[in-house]
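What follows draws every value from the coordinates through simple rules; no lab data is involved. Keep in mind it's a predicted model, so treat the numbers as computed, not measured. Backbone-built Cβ (ideal geometry, glycine too); neighbour counts: all protein chains shown.
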Amino acid sequence: MRAKNKRYFCDIDQAEQFGKLLWATACAAGADRARILVFICDGAVWIWNLIAYYFPNAIQILDWYHAADRLKRIAEEAFLRGADVTLVRGANAIEPKFPIRDIKVSSAEELFNEIKKNIKDKDIMIHAAAVSDFEVNNKRDEKIKSGQELHLELTPTTKILENIKILEKQSFSGRRKSKTFSSEIKKNIFLVGFKAEYNVSEKVLVERAYNLLKDANADLMIANDVGKKGRGFDVETNEVFIVDKNRKVKHLDLADKKIIASKVLDEIKIR
């Protein structure tokens, strides 16, 4: 993969004007001709709306900081209920309010390694991390000078959620990864995953959440549509659908995220 045309812009204006600048800047870099277009964004719904409007076929990835925020809220609620909580999260994510065992990671590899080290004595795992599908091999510790052609080598990352119940042992040699699979299966852990979609129907949202649940052999999947007003990452409210293995769906109406977190834990408790 080559990053040839780099463009930068900044603007303090209304979302409409920002969208026009985004379109012009992206097209100048060849986005309108790209076969695959990926945007990494924060949780602001207005940004997701702009990308969906100007680039309807683009892939949108939520940054780790905002994905970790939803997990932090559930961890805090579980702690207040007396649970022994271990929080594994991005190093730059929001700090928990309570003295929770807090493990910070900076890559998908570190995240999966910490999960493997800590999962064996746990009864429940709530996995909310939005892990990128690829990682860069040729990382640099120093600033990269502008004005030169940049070559990026990308390799697929481990599908963490899908491997929670079938633990994977990895060995790393040089820049390439060799993988050996363990027969050790964590059958007893209660696994909860998250599925976020953007501006889809309730039927599609539930269907995609159920498919992910099956792929991961999870016990519950929490699904929400971040493209709807009052839902998502830059607001204090959310609406979710809880899907189980029997395809039974429980709808939690729009409410404060603390209330949503509490109700999610209630669903876990009764199972």
TODO: Beyond 24 Å between alpha-carbons counts as too far, so tell me which of 195/250; 97/248; 104/159; 120/159 fall in that bin.
DONE: 97/248
Open item on the list: If I model a spin label at residue 33 and residue 259 as a point 7 Å from the Cα along the Cα→Cβ vector, what separation in nanometres do I get?
Closed with: 5.2
Open item on the list: Less than 14 Å apart at the alpha-carbon level, and either on another chain or at least 8 residues along: which aspartates and glutamates does that give for residue 116?
Closed with: 162, 168, 184
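Between residue 109 and residue 245, what FRET efficiency comes out of the Förster formula 1/(1 + (r/R0)^6) with R0 = 35 Å and r the beta carbon distance, rounded to 0.05? Each step should come with its number before you reach the end.
Values: r = 30 Å, r/R0 = 0.84.
Once the sixth-power term is evaluated, E becomes 0.75.
Between residue 17 and residue 83, what FRET efficiency follows from the Cβ-Cβ distance if R0 is 35 Å, with the result rounded to 0.05? Mind showing how you got there, number by number?
On the way: r = 47 Å, r/R0 = 1.34.
Rounded to the nearest 0.05, the efficiency is 0.15.
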Task: Per-q log10 I(q)/I(0), the stretch 187-271, q = 0.18, 0.22, 0.25 Å⁻¹ (Debye; single scatterer per alpha-carbon; no solvent) - done: -0.72, -1.05, -1.29
